[in-house]
Protein chains: 2
Amino acid sequence: MSDRPQIDPPYLLFLGDARDALAAKTARGVFVFRPEWCLGQLRLPGCKPRLDLPEMTVEEAAAKGAKCLIVGVANAGGVVSDSWTATLVAALEAGLDVASGLHVRLSDLPAVRDAAEANGRHLFDVRHPSQEFKVGTGIRRAGKRLLTVGTDASVGKMYATLALEAEWRRRGVPCTFRATGQTGIFVAGRGVSVDAVVADFISGATEWLTPENDPDHWDLVEGQGSLHHPSYAGVTLGLIHGAQPDAIVVCHEPTRTNMRGLPDWPLPELDACIEANLQAARLTNPDVVCAGICVNTEALAEAEAEALLAELGTAHGLPCVDPIRTGVGPIADRVI
Amino acid sequence: MSDRPQIDPPYLLFLGDARDALAAKTARGVFVFRPEWCLGQLRLPGCKPRLDLPEMTVEEAAAKGAKCLIVGVANAGGVVSDSWTATLVAALEAGLDVASGLHVRLSDLPAVRDAAEANGRHLFDVRHPSQEFKVGTGIRRAGKRLLTVGTDASVGKMYATLALEAEWRRRGVPCTFRATGQTGIFVAGRGVSVDAVVADFISGATEWLTPENDPDHWDLVEGQGSLHHPSYAGVTLGLIHGAQPDAIVVCHEPTRTNMRGLPDWPLPELDACIEANLQAARLTNPDVVCAGICVNTEALAEAEAEALLAELGTAHGLPCVDPIRTGVGPIADRVI
């Protein structure tokens, strides 16, 4: 695949009538990691969260050069309200493409589909891969790859991967962030929502996403799920095998008391998690190493966070960082 | 899910213009394991393989009570020829349903779709699950479950599972064969082609397929792929987690020199394979055991086969059988 974005920036971020920050976390993620791609935000009446971006209509955004409206908000109950539809249609009529990570397909909304056709614009349903993938082959490819994995789902793998990308770039190391989930795809302008591909093609889609490259080029691959999460481990394993990582980075959220969505399910020990992921990864890359641990310490006080990072680093003999608080320099030092 | 077949027998097996036995292996599998459901075969001009069943037209089959035509043949190049289409339309007009495991959907063939609608008949595209699944929960369910796993894909997991079902039934132990692939679904009249579900729902679909049951009831679950196959391991892991097996049976083909479809890829050692599968299964059932080894010794002479089974049984301390040659009695002795 080419490194060119398939979804053209700059973006107008649509926050809809989001009731809280969580509902708009996709828009926030895009803004945090690609502020230079974000021209403005469009908030409907009743929208609570707000980004540090100019508010604008679709017409204003189009006049400023916006190429795509990003639906950066979750729709409650899976329903797209009439007020959303009107905004999406207006965006298409103003000459913007529309990209969405909603479960419902834009192309299944008649008014939106018709407006896209009438105006010759693209609809991107990033949760619904439209490519045909092949099954994985396991064949080794040139270039280097790093994959983030986790003790649980939703522990900051995307943030960690993007922090690694920023560090790699700062050091002038050629790299590409490879997005595997909806927010990541908006941030990269391309990618594959691997949990939405047909099960037979998980590793094949990942091989397609992380193709052969220059020997010194790094693909920094956003992980999904967790080998220890009984809902999603199949996705995680296919992603590991397809990425054939030279290095994994384990992500962890220290205040989490149970696996996401499963009240009675404990998190794995970090040691066991690292070993299980390395064992799985050795199938397609026998030389894989664990390059470090990324801990999301947002819920901890500064001193507590520092102590925890030091303790985990010593216990596991690995660089242990918080991508936001400390940066990922020590991981880059170790692996590049 | 109910135990009632969704695809109603008895069947007329359609072999098309199959060029060799491999092309008709689905039809053969259905006939071997459900001869009582198979009224006849329909072979087009040029068809090479032949089953030990009466040849009949769709009208003759309908007159004898056939309820469904099973497309038990692979279509070369993915194309459905006009002669096939004419037969499928004739079957629908004669009052039969049509079930297919082809990659192409019956419902995407206009003449077939129209004939089904006009005659009020069902089309079953078993490779394309039509249900909506939920993500897996990992919650323990009553009832017992056995899952077949393998050193590779296509090493006889379906045959082994059906042999276990026959043995369980012979001993009067309540059980249900749970089909996860196309031939198995025709044999069971229901099931889920797990490699065709969306990746997020592999374990959830498996939980749906193997629901809570009486404490002494066994679900005998057909495995797919292999944890050691880089193309399909994600499917295998989701299936393991969703089935939460009390027992696994490892299937093996001793003459295989490389993983299926991957010329340079060695098979795992049996020891490593057993341990990796047990480790994965412990996530949703900490008490899982390995109940035995099923070896496909078809390619070996009698004495050679006997020696190999004895050797592997001793080496691994497990019942080691060939489901066809020796039966699976020793596994039933151990696990029931």
Could you check, for segment A:34-45, whether at least one of its residues is closer than 15 Å to A:Gln182 by Cβ and not in a helix (DSSP H, G or I)?
yes
What tally of residues in segment B:14-27 results from selecting those that are in a helix (DSSP H, G or I) and either touching a strand residue (DSSP E or B) at 6+ places or on another chain (Cβ under 9 Å) or in contact (Cβ under 8 Å) with a residue 60 or more places away in the chain (or both)?
5
Which listed residue, of A:Gly261, A:Gly225, is on the phi > 0 side of the Ramachandran plot, surrounded by 19 or more Cβ atoms within 10 Å (Cβ to Cβ), small (Gly, Ala, Ser) and within 14 Å of chain B (Cβ to nearest Cβ)
A:Gly225
What residue, of B:Asp333, B:Asp271, B:Asp264, is touching a helix residue (DSSP H, G or I) at 6+ places or on another chain (Cβ under 8 Å) and not aromatic (Phe, Trp, Tyr)?
B:Asp271
Since A:Leu69 meets every condition but one in (1) in a helix (DSSP H, G or I); (2) touching a Leu at 6+ places or on another chain (Cβ under 6 Å); (3) hydrophobic (A, V, I, L, M, F, W, C), which condition does it not meet?
(1)
Of the residues in segment B:264-276, those that are crowded, with 16+ Cβ neighbours inside 10 Å and closer than 30 Å to A:Trp265 by Cβ come to B:Pro268, B:Cys273, B:Ile274, B:Ala276
Report, by residue number, each residue of segment B:201-231 that is part of a loop (DSSP other than H, G, I, E, B), within 22 Å of B:Ile139 (Cβ to Cβ) and not β-branched (Val, Ile, Thr).
B:Pro211, B:Glu212, B:Asn213, B:Asp214, B:Pro215, B:Asp216, B:His217, B:Gly223
Considering every residue within segment B:159-166, establish whether at least one is among the acidic types (Asp, Glu) and under 15 Å from the mean Cα position of the chain (by Cα).
yes
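The rows are residues; the columns are (1) in contact with a His (Cβ under 8 Å, 6 or more places away or on another chain); (2) assigned to a loop (DSSP other than H, G, I, E, B); (3) surrounded by 15 or more Cβ atoms within 10 Å (Cβ to Cβ).
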| site | (1), (2), (3) |
| --- | --- |
| A:Gly65 | no, yes, no |
| A:Val80 | no, yes, yes |
| A:Trp84 | no, no, yes |
| A:Val112 | no, no, yes |
| A:Lys134 | no, yes, no |
| A:Leu147 | no, no, yes |
| A:Thr176 | yes, no, yes |
Of all residues in segment A:283-331, which are polar (S, T, N, Q) and within 20 Å of the chain's Cα centre (by Cα)?
A:Asn296, A:Thr297
Could you run through segment A:120-135 and say how many residues are among the aromatic types (Phe, Trp, Tyr) and within 14 Å of chain B (Cβ to nearest Cβ)?
1
Residue match in segment B:240-254 (condition: closer than 16 Å to B:Gly156 by Cβ, assigned to a loop (DSSP other than H, G, I, E, B) and more than 12 Å from chain A (Cβ to nearest Cβ))
yes
Residues being surrounded by 23 or more Cβ atoms within 10 Å (Cβ to Cβ), assigned to a helix (DSSP H, G or I) and either free of Cβ contacts under 8 Å to residues at least 60 places away in the same chain or away from every other protein chain (no Cβ under 14 Å) (or both): count how many of those fall in segment A:277-303.
1
Given (1) farther than 25 Å from B:Thr26 by Cα; (2) crowded, with 24+ Cβ neighbours inside 10 Å; (3) in contact with a His (Cβ under 8 Å, 6 or more places away or on another chain), identify the lone condition not met by B:Thr151.
(1)
Looking at A:Gly95, A:Gly156, A:Gly120, A:Gly77, which is the one that is modelled with pLDDT under 95, of a type in the set (Gly, Ala, Ser) and not assigned by TED's automatic domain parsing to the domain that holds A:Glu253?
A:Gly77
B:Arg334 vs. criteria in a loop (DSSP other than H, G, I, E, B), away from every other protein chain (no Cβ under 14 Å) and either more than 19 Å from the chain's Cα centre (by Cα) or hydrophobic (A, V, I, L, M, F, W, C) (or both):
no
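Quick grid of which residues meet (1) farther than 21 Å from B:Thr236 by Cα; (2) more than 14 Å from every other protein chain (Cβ to nearest Cβ); (3) out of contact with any Lys or Arg (no Cβ under 6 Å at 6 or more places or on another chain):
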{"site": "B:Val155", "(1), (2), (3)": "no, yes, yes"}
{"site": "B:Thr161", "(1), (2), (3)": "no, yes, yes"}
{"site": "B:Arg170", "(1), (2), (3)": "yes, yes, yes"}
{"site": "B:Gly181", "(1), (2), (3)": "no, no, yes"}
{"site": "B:Asp216", "(1), (2), (3)": "yes, yes, yes"}
{"site": "B:Leu220", "(1), (2), (3)": "no, yes, yes"}
Any residue at all in segment B:300-309 that's under 19 Å from B:Leu227 (Cβ atoms), modelled with pLDDT of 95 or more and in contact with a Pro (Cβ under 7 Å, 6 or more places away or on another chain)?
no
Single residue of B:Gly150, B:Gly189, B:Gly138 found to be within 28 Å of B:Cys273 (Cβ to Cβ), small (Gly, Ala, Ser), more than 14 Å from every other protein chain (Cβ to nearest Cβ) and in contact (Cβ under 8 Å) with a residue 60 or more places away in the chain
B:Gly150
Go through (1) in a helix (DSSP H, G or I); (2) in contact (Cβ under 8 Å) with a residue 60 or more places away in the chain; (3) of a type in the set (D, E, K, R) and name the single condition A:Glu306 misses.
(2)
In segment B:188-200, how many residues are in a helix (DSSP H, G or I) and closer than 16 Å to A:Val235 by Cα?
5
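The values are calculated or read from the model by the stated rules, or taken from the named source; none is laboratory data. Since this is a predicted model, take the numbers as computed values, not measurements. Neighbour counts run over all protein chains shown; Cβ positions are idealised from the backbone, glycine included.
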